[in-house]
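A.B. asks: First the structure, then my questions, so here it is.
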Amino acid sequence: MQTRPIGILDSGLGGLSVLREIQALLPGESLHYVGDSAWCPYGPKPVAQIRERVFAITDHLLSLGAKLIVVACNSATIAAVESLRAAYPIPFTGMEPAVKPAAALTRSGVVGVLATEASLAGEKYLRLVNSHAASLRLITRPCPEFVELVEAGILDGPEAEAAVACHLEPLLHEGADVIVLGCTHYPFLRPVMERFVGPDVAVIDTGAAVARQVRRRLEQDGLLAPEGNRPALRITTTGPLEVLERAVPVLCPGLAAELGRARGLD
Ligand code: DGL
């Protein structure tokens, strides 16, 4: 027996950092992922354009029977999650940079927030900072090179190390002791970042918390897959299939997923 899938979307392959957490927590659920790699990056694009893409992908996921959609992209969440909730009858789970946990963790009072321009420009980010981190010094920084590296499946080596050093060195210099990964692409570079910052600086993201939120919402709405569900795991892209075939085994080693092109979203 197979039930309706959870839909997961991102500007590209970054949302796979959230998919792997959902899959680990809810192994009985079918997952259908759409990476909008043909339109990646979203970060520097106008909000209206990001919203248009996210609505088109949502329609696609609904046509495949999605019972809940995870907007596994901070930029898309900022641009569209409220309009999605108003427009569609299914639940949506979005992303939020881990500013609140960072406020609880920091001792120096200086926190680095790495996120795209789109995520940092929104009202929502300001509200988050005002409610949880008004007394802290937050240093924000978009890291578009991280997105390019992850889309290319490059997670380590000299290129990744140089990009990490370029973005994290100024934060360490300012005394940051917590680094918030506010973009779903960035956790794939966490091992290189942790090596660079050393054990006294925490690098945090919200992938696992979002997976728990998805489980809570499915429980609440009586939407959990029944025992005995044969979960299907499908990862699709609006970009070239070869890129997906090359990158997925690097990003999610051992994940047995069916890979394909997302149709009708060009
Ligand atoms: N993964 C997306 C996010 O979480 C951003 C990458 C992009 O710029 O497309 O914001």
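The values are calculated or read from the model by the stated rules, or taken from the named source; none is laboratory data. Nothing here was measured: the structure is a model prediction, and the numbers come from that model. Don't worry about glycine lacking a Cβ; one is built from the backbone with ideal geometry, like all the others, and counts go over all protein chains shown. Keep in mind that these areas ignore ligands, DNA and RNA; they rest on the heavy atoms of the full protein, side chains included. Shrake-Rupley method; radii C 1.70, N 1.55, O 1.52, S 1.80 Å.
A.B. asks: Could you state the angle between the C-alpha long axis of helix 158-173 and the longest principal axis of the C-alpha atoms of the chain, as a value from 0 to 90 degrees rounded to the nearest 10?
C.D. replies: Around 50 degrees separate the two axes.
A.B. asks: Something else about it: Going by amide H atoms built from the backbone, whose H comes under 5 Å of the H on Gly175, apart from near neighbours?
C.D. replies: none
A.B. asks: Is the C-alpha gyration tensor of segment 127-266 telling us rounded, prolate or oblate? Criteria: a/c under 1.5 is rounded; beyond that, a/b larger than b/c is prolate, otherwise oblate.
C.D. replies: Working: a/c = 2.23, a/b = 1.33, b/c = 1.67.
Because a/c hits 1.5 or more and a/b fails to exceed b/c, segment 127-266 counts as oblate.
A.B. asks: Explain nothing, just compute: Karplus ³J(HN,Hα) = 6.51 cos²θ - 1.76 cosθ + 1.60, θ = phi - 60°, for every residue of segment 239-251 in order, whole Hz, x for Gly and Pro.
C.D. replies: x, x, 4, 4, 5, 4, 4, 7, 7, 4, x, 7, 6
A.B. asks: For the chain, what does the relative contact order come out to in percent, with C-alpha contacts under 8 Å and a separation of six or more?
C.D. replies: 28
A.B. asks: Tell me the angle of helix 207-220 to the major Cα principal axis of the chain, expressed in degrees between 0 and 90 and rounded to the nearest ten.
C.D. replies: 40
A.B. asks: Related question: With all protein chains present, how much of the accessible area of the chain (probe radius 1.4 Å) comes from carbon and sulfur, to the nearest whole percent? All intermediate terms of the calculation are to be shown ahead of the outcome.
C.D. replies: Details: 6120 of 11480 Å².
Taking all protein chains in place, the chain shows 53 percent carbon and sulfur surface.
A.B. asks: May I ask you to evaluate 6.51 cos²θ - 1.76 cosθ + 1.60, the Karplus curve with θ = phi - 60°, for each residue of segment 253-266 and list the ³J(HN,Hα) values in order in whole Hz, giving x for glycine and proline?
C.D. replies: x, x, 7, 8, 10, 8, 9, x, 8, 7, 7, x, 10, 6
A.B. asks: If you don't mind, another one. Cα atoms only: what Rg and Dmax, in Å, come out for segment 25-150?
C.D. replies: Rg and Dmax of segment 25-150, Cα atoms, are 15.9, 49 Å.
A.B. asks: As an exercise, identify the GluC sites (Glu not before Pro) in segment 212-264 lying in DSSP coil whose Cβ has no more than 16 other Cβ atoms within 10 Å. All intermediate terms of the calculation are to be shown ahead of the outcome.
C.D. replies: On the way: sites: Glu219, Glu227, Glu242, Glu245, Glu258; in loops: Glu227.
Those that pass, being in a loop and sparsely packed, are Glu227.
A.B. asks: Using the per-residue mean of other Cβ atoms lying within 10 Å as a proxy for protection, in what order, highest first, do the peptides 101-109, 10-18 fall? Numbers along the way, then the final one.
C.D. replies: Working: 101-109: 15.7, 10-18: 28.6.
Ranked from most to least packed, the peptides come out as 10-18, 101-109.
A.B. asks: Please give the helix 123-132 orientation as an angle from the longest Cα principal axis of the chain, in degrees from 0 to 90, rounded to the nearest 10.
C.D. replies: Relative to the chain, helix 123-132 is tipped by roughly 60 degrees.
A.B. asks: Leu68's amide H: which non-local residues (gap 5+, or another chain) put their own amide H closer than 5 Å, with H modeled 1.01 Å from N in plane and none for Pro or chain starts?
C.D. replies: For Leu68, whose amide H was placed from the backbone, the distant partners under 5 Å are Gly7.
A.B. asks: Can you list the residues, at least 5 places off or on another chain, whose amide H is less than 5 Å from the amide H of Arg261, using H built in the peptide plane?
C.D. replies: Thr237
A.B. asks: What accessible area per residue comes out for segment 162-231, rounded to a whole number of Å², with a 1.4 Å probe?
C.D. replies: Details: 3220 Å² over 70 residues.
Counting only protein heavy atoms, the per-residue value for segment 162-231 is 46 Å².
A.B. asks: Any number yet on Rg/Rh for the chain, C-alpha, Kirkwood? It would help to have the intermediate numbers written out before the result.
C.D. replies: Values: Rg = 17.8 Å, Rh = 18.6 Å.
The Rg/Rh ratio comes out at 0.96.
A.B. asks: What lysines sit close enough to Lys45 to cross-link, taking a C-alpha to C-alpha distance under 20 Å and skipping anything fewer than 8 places away on the same chain?
C.D. replies: Lys124
A.B. asks: Still on this structure: Enter the Cα centre distance for the pair segment 213-266 and segment 8-87, rounded to the nearest angstrom.
C.D. replies: Distance between centres, Cα-based: 11 Å.
A.B. asks: Rounded, prolate or oblate for segment 223-266? Axes are the square roots of the Cα gyration tensor eigenvalues, ordered a ≥ b ≥ c, and the cut-off for rounded is a/c under 1.5. Please list the in-between numbers first.
C.D. replies: Working: a/c = 3.48, a/b = 1.52, b/c = 2.30.
Oblate is the answer for segment 223-266, as a/c is 1.5 or above yet b/c matches or exceeds a/b.
A.B. asks: For segment 86-92, in order, what is each residue's ³J(HN,Hα) by Karplus, 6.51 cos²θ - 1.76 cosθ + 1.60 with θ = phi - 60°, in whole Hz (x at glycine and Pro)?
C.D. replies: Karplus-based 3J(HN,Hα) across segment 86-92 equals 6, 9, 10, x, 9, x, 10 Hz.
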